[in-house]
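Below: the structure, in structure tokens.
The values are calculated or read from the model by the stated rules, or taken from the named source; none is laboratory data. Note that the structure is a prediction, hence the values are computed from the model and not measured. Positions of Cβ are backbone-derived with ideal geometry, glycine not excepted, and every protein chain shown enters the neighbour counts.
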């Protein structure tokens, strides 16, 4: 195999898996780790993948990238569904719950239709539509509409300052040990902070593809998260980093 063919194979493997260790790449291609290490360095210099300790990741999206709701709904469906199921179990009947915008929180909201006596506060137009149709009491905040059909900005923040809820189900654009939970815009980060201030308990729903992703603006440090619900795709070292910072880590499909 020529060097350029091998490097293309490295790119294909990393992008298919999302991330890969040097040892796994070397085994798959039948070459030494040193050869793969040099390939990864070259490919990272070209912007075709990102180097991480001991391996490589598919290139990160721009910090301001914000796909539409429909586009995000088609991604990582199995993981998001499992996360939504675990998160919905944390909402007790007869309580008040805030649900942020996001595709995973939207899946959780669908399960909340089966929980009696809820009062719901949300900045998500799809969540409001879903729960209003289920005859739930829903307070939809105002604000500017984003591509993901969230309402954000000063109007949303002011509305949230007037409410207190038992639990918040909060989605995340990015999740990073240093940068915390992040969003593509400053307004969305400000609105997420207002949602968190309104809640006695903050439950974050984030699939493993969000790990090491950093949006433009930090919404919350991980230390402000009471429960993080993710999927089994989160690597062991990442789980250790998260568990040191959040109140409780729940991995969907595994005993917690």
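Laid out as a table, the results:
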| read-out | value |
| --- | --- |
| Residue list for region 80-123, restricted to those being without any contact (Cβ under 8 Å) to a residue 40 or more places away in the chain, more than 16 Å from residue 165 (Cα to Cα) and touching a strand residue (DSSP E or B) at 6+ places or on another chain (Cβ under 8 Å) | 106 |
| In region 177-189, the residues that are surrounded by fewer than 19 Cβ atoms within 10 Å (Cβ to Cβ) and either under 21 Å from residue 164 (Cα atoms) or touching a residue at least 24 places away in the same chain (Cβ under 8 Å) (or both) | 177, 179, 186 |
| The lone exception for residue 51 - which of (1) closer than 19 Å to residue 174 by Cβ; (2) surrounded by 12 or more Cβ atoms within 10 Å (Cβ to Cβ); (3) at pLDDT below 85 it fails | (3) |
| Residue within region 82-102 that is at pLDDT below 90 and assigned to a loop (DSSP other than H, G, I, E, B) present | no |
| Of all residues making up region 240-255, the number that are part of a loop (DSSP other than H, G, I, E, B) and without any contact (Cβ under 8 Å) to a residue 60 or more places away in the chain | 5 |
| Region 29-53: number of residues that are in a helix (DSSP H, G or I), touching a strand residue (DSSP E or B) at 6+ places or on another chain (Cβ under 8 Å) and within 24 Å of residue 237 (Cα to Cα) | 3 |
| Selection within region 142-176 - without any contact (Cβ under 8 Å) to a residue 24 or more places away in the chain and touching a helix residue (DSSP H, G or I) at 6+ places or on another chain (Cβ under 6 Å) | 142 |
